[in-house]
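Chemist: Below is a structure I'd like to ask you about.
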Amino acid sequence: MSRVRLLFLLFAVIFLATFIQFGVVSIAFEKLGLSQDSAYLLLLLTLAGSMINLPLFSVAAQAPETEAPRQRLSRLLGLPQAPFLGRTLIAVNVGGALVPVAFSLYLLHHHALATMAVTTAVAIVAAISYLTSAPIPGVGIGMPILVAPLAAALTAELLAPEQAAALAYIAGALGVLIGADLMRLSEVKKLGAPVASIGGAGTFDGIFLSGLIAVLLA
């Protein structure tokens, strides 16, 4: 495991421990009907999965005109950097994409949510995520972290107030995945990054956080 991933893992553990200590994550999952043990298991799966990127395919890409801030920081710290060879590998992150999708399917199965309400909520958040996200050369797709959760929470309260928490998570997670990641795949070739991961860094990517924050706001 590279030093970058080790540093990320350390930061992730500290961040999660802080959130759990104050009960923020527990409150979010309690609103979704999960026990404390189930919530911790989901968090551990997400954290472990954040270290795993499953390669899908590669596309021809352009080198960035200027060095990205993260690349400059890695160079200054003496951290290893993957060379850019004119192609970008498209991958899917287990913790940042597959786990939130699987949990969304679980919520759909265990909550009485109308298909129209789910479709509408996900479409609204996806559209907002697409409009507020943008490619960052050498890094990936970025967007303001609170925009999607706010949109998901408000939409869920309007469409299904009795099931607002579950719908907020689904809309927040799937909306960001569709709007900020999948709908912008055609722009990956402009990033100049050796790897573009759907779901990003995993646990602290917009997909996972959007779902949790949306639940807290709903």
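The values are calculated or read from the model by the stated rules, or taken from the named source; none is laboratory data. Note that the coordinates shown come from a computational prediction; the quantities given were computed from them, not determined experimentally. Cβ: placed from backbone, ideal geometry, glycine included. Neighbour counts: every protein chain shown.
Chemist: Among the residues of region 111-123, is any small (G, A, S) and under 23 Å from M51 (Cβ atoms)?
Modeler: No, there is no match, as no residue in region 111-123 is small (G, A, S) and under 23 Å from M51 (Cβ atoms).
Chemist: Going by what's in this entry, would I213 be described as crowded, with 18+ Cβ neighbours inside 10 Å, within 19 Å of P100 (Cβ to Cβ) and modelled with pLDDT under 90?
Modeler: So I213 passes the test.
Chemist: Mind counting the residues in region 173-184 that are in contact with a Phe, Trp or Tyr (Cβ under 9 Å, 6 or more places away or on another chain), at pLDDT below 90 and surrounded by 24 or more Cβ atoms within 10 Å (Cβ to Cβ)?
Modeler: So the answer is 1.
Chemist: Just to be sure I understand, how many residues within region 78-104 are outside any strand (DSSP E or B), in contact with a helix residue (DSSP H, G or I) (Cβ under 8 Å, 6 or more places away or on another chain), at pLDDT 80 or above and of a type in the set (A, V, I, L, M)?
Modeler: Residues in region 78-104 being outside any strand (DSSP E or B), in contact with a helix residue (DSSP H, G or I) (Cβ under 8 Å, 6 or more places away or on another chain), at pLDDT 80 or above and of a type in the set (A, V, I, L, M): 5 in total.
Chemist: I need the full set of residues from region 105-147 which are surrounded by fewer than 14 Cβ atoms within 10 Å (Cβ to Cβ), over 17 Å from the mean Cα position of the chain (by Cα) and assigned to a helix (DSSP H, G or I), in order please.
Modeler: Within region 105-147, H109, H110, T115, M116, T119 qualify.
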